[in-house]
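Step one of this worksheet: look at the structure below.
The values are calculated or read from the model by the stated rules, or taken from the named source; none is laboratory data. Just so we're clear, the structure is a prediction, and the values are computed from it rather than from any experiment. With ideal geometry, Cβ positions are generated from the backbone for all residues, glycine too; neighbour counts draw on all protein chains shown. Ligands, DNA and RNA are excluded from the accessible area calculation, which covers all protein heavy atoms including side chains. Shrake-Rupley method; radii C 1.70, N 1.55, O 1.52, S 1.80 Å.
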Amino acid sequence: MFWQKEIETIGRKALEELQLKRLKQTVQRAYKNIPFYSDKFSKLNIKPKDINSLKDIKKLPFTTRENLRENYPFGLLAVEREQVVRLHTSSGTTGKPKAIFFTKKDINQAAELIARCLIMTGIKKDDVLQNMMTYGLFTGALIMHYGAEKVGVLVIPAGPGHTKRQLALMQDFKTTTLHLTPSYALYLADVMSNEGLDPKRDFFLRRAYLGAEPYSEETRKKIEKFFSIDVFNSYGLSEMNGPGVAFECMEKNGMHLWEDNFIIEIINPETGKEVAEGEKGELVLTTLCREAMPILRYRTRDITMIIPGKCKCGRTHRRISRIIGRTDDMFIVRGVNIFPQQIEQVLMGVKGVAQNYQIILESYDQMTVRVEISRDLFDGRIEHLMNLQNEITEKLRSEILVKPKVELLEPGTLPVSEGKATRVIDKRTL
Ligand code: AMP
Ligand code: ZN
């Protein structure tokens, strides 16, 4: 099923023509209306008329999140203030937030993209979507909400937390679809089992959209199995509308990134040079339809790759792989580059491990991985679980090439997360 079949299955040549037309318009508007870009263009000695092919995008300056912060609050606005109808901010952990503005048309366009995503996963009007993302300045919940309403499903704006109330809503209104973070999905599973509820017998669930933070294929499988549902990966960032930038289709093999709205580049984060299709690198996105806040070559800091080849579903927009990690999250122990997600992938594949874990960076040579064990394994003691501890240590060592200290914990020891989880505690910088 398609929401906008013509554009979702558009031929590559026509798509590229459309991209070039929109890129030229975007560059022109950014240059004319945003002093930050006109200054950058002068410094690089370029003018909008120098953009004559998609390849010319390389002439344009990158935009970084620091640039967004420096221009807070109104510096990157390309329209009159009166045309702006919505403000969101991006969840930064340090410093000033990034202000993201939407015109009416921008909100509508973001909702259209969500509608494409939802229909792509087989949703229908009789579905009930319980939206467990945070409503407010974060784009995660509201953009999804508008898109789901456009499709015509019943949306329950539950927000995160209040887990027992969530369960009651899910039962009373026969929720079929969840939108939530992977950490919260794992927590929800834990609460369900604790309450003696059976996801198959006591609920009506068919699918879940998981996003807002990196998670592994193992975690997807674990969640799909527990709830007996399909889990679809959902990727987005506030700077590019929020959710709906890239989403999995029923093939569940990479996320289609809507190329009529964004130009994709994958670069080597150190050199800034483009990498080949199928190679990992940092995702760089240029908006093609945003009115209030066009952004050129945005350095997302998310590491992914383009999946080569065509998708069986018939959509022609290229797919990006699961986000492997953020350049910000990567840490180095004994000279080895490690992403938290590599650790998660190992842990979620070990029988007897529950959902919650924490990585403590003790020093530049030593890290500790603290892991909760599953409830059925816990009999009041953990000292006798040496085999499990050794198995985890060995599996981690072979994945990340560094031998961590592994600490097993009682279920429920670590803090739970309703939104994005903090997995790494860096004692070296505390
Ligand atoms: P925000 O700007 O608060 O919307 O956060 C956006 C960031 O969340 C992205 O740049 C990614 O790092 C992360 N993110 C969002 N969706 C996913 C996903 N499906 N997988 C991994 N990371 C994600
Ligand atoms: Zn597909």
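Number of residues in region 208-232 that are open to solvent by less than 10 Å² (accessible area, probe 1.4 Å) and either within 12 Å of Thr177 (Cβ to Cβ) or part of a strand (DSSP E or B) (or both): the value is 7.
So is Lys58 exposed (fewer than 15 other Cβ atoms within 10 Å of the Cβ), of a type outside the set (S, T, N, Q) and in contact (Cβ under 8 Å) with a residue 60 or more places away in the chain or not?
On the way: exposed (fewer than 15 other Cβ atoms within 10 Å of the Cβ): yes; of a type outside the set (S, T, N, Q): yes; in contact (Cβ under 8 Å) with a residue 60 or more places away in the chain: yes.
When the stated conditions are applied, Lys58 passes them.
The set of residues from region 273-327 being more than 16 Å from ligand 1 (Cβ to nearest atom) and of a type in the set (Ser, Thr, Tyr) comprises just one member, Thr316.
Considering region 242-310, the qualifying strands (runs of 3 or more DSSP E), each wholly inside and each with 1 or more residues that are surrounded by fewer than 23 Cβ atoms within 10 Å (Cβ to Cβ), in the same structural domain as Val84 (by TED's automatic domain parsing) and away from ligand 2 (no atom under 16 Å from the Cβ), run over 262-267, 281-287, 298-304. Working only within region 170-196, note down all residues that are at pLDDT 95 or above, assigned to a helix (DSSP H, G or I) and open to solvent by 40 Å² or more (accessible area, probe 1.4 Å). Hits for region 170-196 are Gln171, Asp172.
In the set (1) modelled with pLDDT of 95 or more; (2) under 29 Å from Leu197 (Cβ atoms), the condition left unmet by Thr134 is number (1).
Scan region 197-217 and give yes if some residue there is modelled with pLDDT under 95, under 14 Å from the mean Cα position of the chain (by Cα) and of a type in the set (A, V, I, L, M, F, W, C), otherwise no. Yes, that holds for at least one residue. Taking the criterion of being aliphatic (A, V, I, L, M) and either surrounded by 16 or more Cβ atoms within 10 Å (Cβ to Cβ) or under 18 Å from Gly325 (Cβ atoms) (or both), the residues of region 398-430 that qualify are Ile400, Leu401, Val402, Val406, Leu408, Leu409, Leu414, Val416, Ala421, Val424, Ile425.
Scan region 237-256 and tell me whether some residue there is near ligand 1 (Cβ under 10 Å from one of its atoms) and among the hydroxyl-bearing types (Ser, Thr, Tyr). Yes, there is a match, as at least one residue in region 237-256 is near ligand 1 (Cβ under 10 Å from one of its atoms) and among the hydroxyl-bearing types (Ser, Thr, Tyr). At least 2 residues being of a type outside the set (Lys, Arg), within 14 Å of ligand 1 (Cβ to nearest atom) and under 20 Å from Leu180 (Cα atoms) is the threshold, and among the helices (runs of 4 or more DSSP H) wholly inside region 27-144 those reaching it are 104-120.
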